[in-house]
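Heads up, the thing below is written out as C-alpha cells.
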Amino acid sequence: RLLPADSTRNVALNAPVEATFSELMRMDSSRTFLAVRDSAGVAVPGMRRWKNHFQFEFKPATGWNSRAKYTIDVLPDSVFDLSGLAPLDTLQQRIFWTVNADTLSSISGTVSDEAPAAVGPLRMSARQIVGGKAIYETVVPAPGPYEFSGVLPGVYQLSLYRDANDNGRYDFGKPMPFLPAERF
C-alpha cells in the first residue's frame, strides 16, 4: 500500500509518503527505491527512513508546495524482503495533488490547569468531526498558549491530557498497586 493513494487530491502540506508492505522487508534495502518528483520532474529532497520492517516513510525537507502535483515512482528491484526477493506486486507510479494553502486556517487558544503542581507536557489533538478525518497534534510544555496551524476547514473536537511520565501516550493507570490515570 502506498499513501497518499493514487489520484488523491488535497493532501496536507506536511503529510508523509508512506509505503506499507505485506511481508517483512530488509531495512538495509536501498532507501532510494521510492522517488518523488514535482510537476517539473525535479526530485523532491527529503528524509527517508524505515519505521520498521513493514513501513517506509518519506518526508519532504520543506513540506509540499501548495496546489502542486507530485509523482511517486517505485523503482523495481531496489527493495527486497528478508529472503532477498523483490516484491512481485510493484506499485510503479502514483500521482497526488496537494491542498491549496489559501484554504487553511488555524486553531488557537490558551490552556489552563487547575493543578499548578502537575508535571509533564500537555499533549493536545484536534480531530475533525465534520468535513473529513484530519487529525492534528501538538505538545504544549506548560499551561499557556497553543496553536494548530495549517488546519483544513471543518468542525473539530479538541482533547488534551497531561503526560505525567512524558512517554508520549495516554496511561490509564492500574488498580494494583494503585496508579491513577493521567489527567485528561
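Restricting the range 90-184 to GluC sites (Glu not before Pro) that sit in a DSSP loop and have at most 12 other Cβ atoms within 10 Å of their own Cβ leaves 114. For the range 106-138, applying the loop criterion from DSSP together with a ceiling of 12 other beta carbons within 10 Å to the trypsin sites (Lys or Arg not before Pro) yields 133.
For the range 113-184, what is the accessible area per residue in Å², given a 1.4 Å probe and the full set of protein chains?
Result: 68 Å² of accessible area for each residue.
Estimated at 0.36 nm per residue, the fully extended path between residue 9 and residue 62 surpasses their Cα-Cα distance by 17.1 nm. Multiplying the residue separation of residue 48 and residue 105 by 0.36 nm and subtracting their alpha-carbon distance yields 17.7 nm. Measuring with a 1.4 angstrom probe and ignoring ligands and nucleic acids, residue 8 comes out at about 40 Å² accessible. Of interest is the spacing of the C-alpha centroids, which for the range 54-114 and the range 142-173 amounts to 23 Å.
Annotation: for a label point projected 7 angstrom from Cα along Cα→Cβ of residue 179, residues of the range 103-142 with backbone N closer than 17 Å are 119-121.
For the range 26-143, what is the relative contact order in percent, using Cα pairs closer than 8 Å and at least 6 residues apart in sequence? Numbers along the way, then the final one.
On the way: 159 pairs, mean separation 23.2, N = 118.
Averaging sequence separation for qualifying contacts and normalising by length gives 20 percent for the range 26-143.
Of 71, 103, which has the most accessible area and how do the rest follow, probe 1.4 Å?
Largest accessible area first, the list is 103, 71.
The modelled label-to-label distance for the pair residue 130/residue 149, using points 7 Å beyond Cα in the direction of Cβ, is 2.8 nm. Here's the list of lysines a cross-link from residue 59 could span, going by alpha-carbon distance under 24 Å and ignoring same-chain residues fewer than 8 apart: 51, 69, 133. Quick one: putting +1 on the C-beta of Lys and Arg, -1 on the C-beta of Asp and Glu, what dipole do you get for the chain around its Cα centre, in Debye to the nearest 20? The dipole magnitude comes to about 200 debye. Would any residue of the range 31-60 have its amide N under 20 Å from a label point 7 Å out along Cα→Cβ of residue 20? List them or say none. Output list for this probe position: 34-35, 48-60.
GluC sites (Glu not before Pro), restricted to the range 1-85: which are DSSP loop and have at most 14 other Cβ atoms within 10 Å?
Values: sites: 18, 23, 57; in loops: 23.
The qualifying sites are 23.
Mean-square fluctuation check for the chain, GNM, Cα pairs under 10 Å: which of 35, 115, 86 is largest? The residue that fluctuates most here is 115.
What's the magnitude of the charge dipole for the range 42-134 around its Cα centre, counting Lys and Arg as +1 and Asp and Glu as -1 at the beta-carbon? Answer in Debye, nearest 20. Mind dumping the intermediate values first?
Values: 10 positive and 8 negative charges, 34 e Å.
It works out to roughly 160 debye.
Net charge dipole, the range 1-43: roughly 60 debye, given to the nearest 20, about the Cα centre with Cβ charges of +1 for Lys and Arg and -1 for Asp and Glu.
Quick check: with the 1.4 Å probe, what order do 184, 33 take by accessible area, largest first?
The most accessible residue leads, giving 184, 33.
Sorting 6, 102 by accessible area puts them as 102, 6; the probe is 1.4 Å, largest comes first, and only protein heavy atoms count. Just one of (i) 1.01; (ii) 0.94; (iii) 1.06 is Rg/Rh (Cα atoms, Kirkwood Rh) calculated from these coordinates, so which is it? Comparing each candidate, only (iii) matches the computed number.
Projecting label points 7 angstrom from Cα along Cα→Cβ for residue 165 and residue 32 puts them 4.4 nm apart.
The values are calculated or read from the model by the stated rules, or taken from the named source; none is laboratory data. Predicted model, so just to flag it, every value in this text is computed and none were measured. All Cβ positions, even for glycine, are placed from backbone atoms using ideal geometry, and neighbour counts span all protein chains on display. Note: accessible area is taken over every heavy atom of the protein model, side chains too, but ligands, DNA and RNA are not part of it. Shrake-Rupley method; radii C 1.70, N 1.55, O 1.52, S 1.80 Å.
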